[in-house]
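Each remark here refers to the structure printed beneath this line.
The values are calculated or read from the model by the stated rules, or taken from the named source; none is laboratory data. This is a predicted model, so every value here is computed, not measured. Ideal geometry is used to build each Cβ from the backbone, glycine not excepted, and the neighbour counts take in all protein chains shown. Quick note on the areas: whole protein, heavy atoms, side chains included, nothing else; ligands and nucleic acids left out. Shrake-Rupley method; radii C 1.70, N 1.55, O 1.52, S 1.80 Å.
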Amino acid sequence: MEEIKLMDEEGRRIDGRRPDELRPIKMKVGVLTRADGSAYLQWGKNKVLAAVYGPREVFPKHLQDPERALLRARYNMASFSVEERKRPGPDRRSIELSKVISEALRAAVFVEQFPKTSIDVFIEILQADAGTRIAGLVAASAALADAGIPMKDLVTGMTVGKVEDTLILDLCKEEDNYGQADLPIAIIPRTGEIVLLQMDGHMTQEEIDRALDMAIRGAMKVYEIQKRALLERYERLVREKEYIADISEV
Ligand code: ADP
């Protein structure tokens, strides 16, 4: 494998960040008019769109659950999202990611409040640069909140990894590809539940403990960004309503 230097003598990473520094994150909620809820997220070079439909009638009908809503998330990478064109359509990886993301969201949503319905979540990765499963999940949970679907809390998350024997937060693609390990995690802050935890590579028990601690602290910063984006969405709605009220009084 090609030798690639992921950290310099001063402990700076390939993109200049310190080990515990996140990439810049920007988020906007309520970006699609035809979806019940939506969110757009830029996380470093990742660009992700999430759309939520439902609760609505289940199709095909035999999948209907009399006890709870069927929550289905579909993770999809656009063919232009990566350097080499990605073959369109589902592959093993996107099927796995759709499954783990669905399970994580299901743990947060009060699915039993909407029996016999489906809640469909579409995650489109428009540009990918590592950490897209967590970025997709973060955007999806904000889109669910935007759709007004009752949840215990937002789901938030982070990836932590190891390069050159140093633990680092929020891996970029080179760090993901050439590093020693990466560990994505998603949590429900209010309950403290871990709803996604995967690991690729090797870490010692002590490193895993430290990595989890770092990841949770990083995830809480993402949680603040999600909440702020939702608040901005409602401030926008209030402003629009006030504007309509204003002109109707003319
Ligand atoms: P995550 O995006 O959640 O970190 P992976 O670790 O599987 O998931 O992928 C890391 C990165 O590798 C992706 O974000 C993307 O930049 C790149 N990648 C994944 N799948 C492909 C693919 N089929 N073709 C090209 N690049 C890919």
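Return the pair list, or none, for Cβ contacts closer than 6 Å from residues in region 128-140 that are modelled with pLDDT of 95 or more to residues that are within 6 Å of the ligand (Cβ to nearest atom) and open to solvent by 10 Å² or more (accessible area, probe 1.4 Å), at least 6 apart or on different chains.
Pairs that qualify, where the first residue is modelled with pLDDT of 95 or more and the partner is within 6 Å of the ligand (Cβ to nearest atom) and open to solvent by 10 Å² or more (accessible area, probe 1.4 Å), are A128/V82; D129/K173; A130/K173; A130/D176.
Among A219, A245, which is in contact (Cβ under 8 Å) with a residue 24 or more places away in the chain and open to solvent by less than 50 Å² (accessible area, probe 1.4 Å)?
Just a single option satisfies the conditions, and that option is A219.
Provide a single number: the residues in region 74-102 that are of a type in the set (A, V, I, L, M, F, W, C) and more than 9 Å from the ligand (Cβ to nearest atom).
Qualifying residue count for the region: 5.
If E206 satisfies all but one of (1) open to solvent by less than 70 Å² (accessible area, probe 1.4 Å); (2) over 24 Å from K45 (Cβ atoms); (3) assigned to a helix (DSSP H, G or I), what's the number of the condition it fails?
Unmet for E206, out of (1) open to solvent by less than 70 Å² (accessible area, probe 1.4 Å); (2) over 24 Å from K45 (Cβ atoms); (3) assigned to a helix (DSSP H, G or I): (1).
For T33, are the conditions met, namely being farther than 27 Å from Q198 by Cα, among the β-branched types (V, I, T), away from the ligand (no atom under 16 Å from the Cβ) and touching a residue at least 40 places away in the same chain (Cβ under 8 Å)? Reasoning before the result, please.
Numbers: farther than 27 Å from Q198 by Cα: yes; among the β-branched types (V, I, T): yes; away from the ligand (no atom under 16 Å from the Cβ): yes; touching a residue at least 40 places away in the same chain (Cβ under 8 Å): no.
No; evaluated as a whole, the condition is false for this residue.
Can you find a residue in region 183-190 that is open to solvent by 60 Å² or more (accessible area, probe 1.4 Å), farther than 21 Å from R17 by Cα, modelled with pLDDT of 95 or more and more than 11 Å from the ligand (Cβ to nearest atom)?
yes
Mind counting the residues in region 107-135 that are open to solvent by 20 Å² or more (accessible area, probe 1.4 Å) and either closer than 15 Å to A73 by Cα or assigned to a helix (DSSP H, G or I) (or both)?
7
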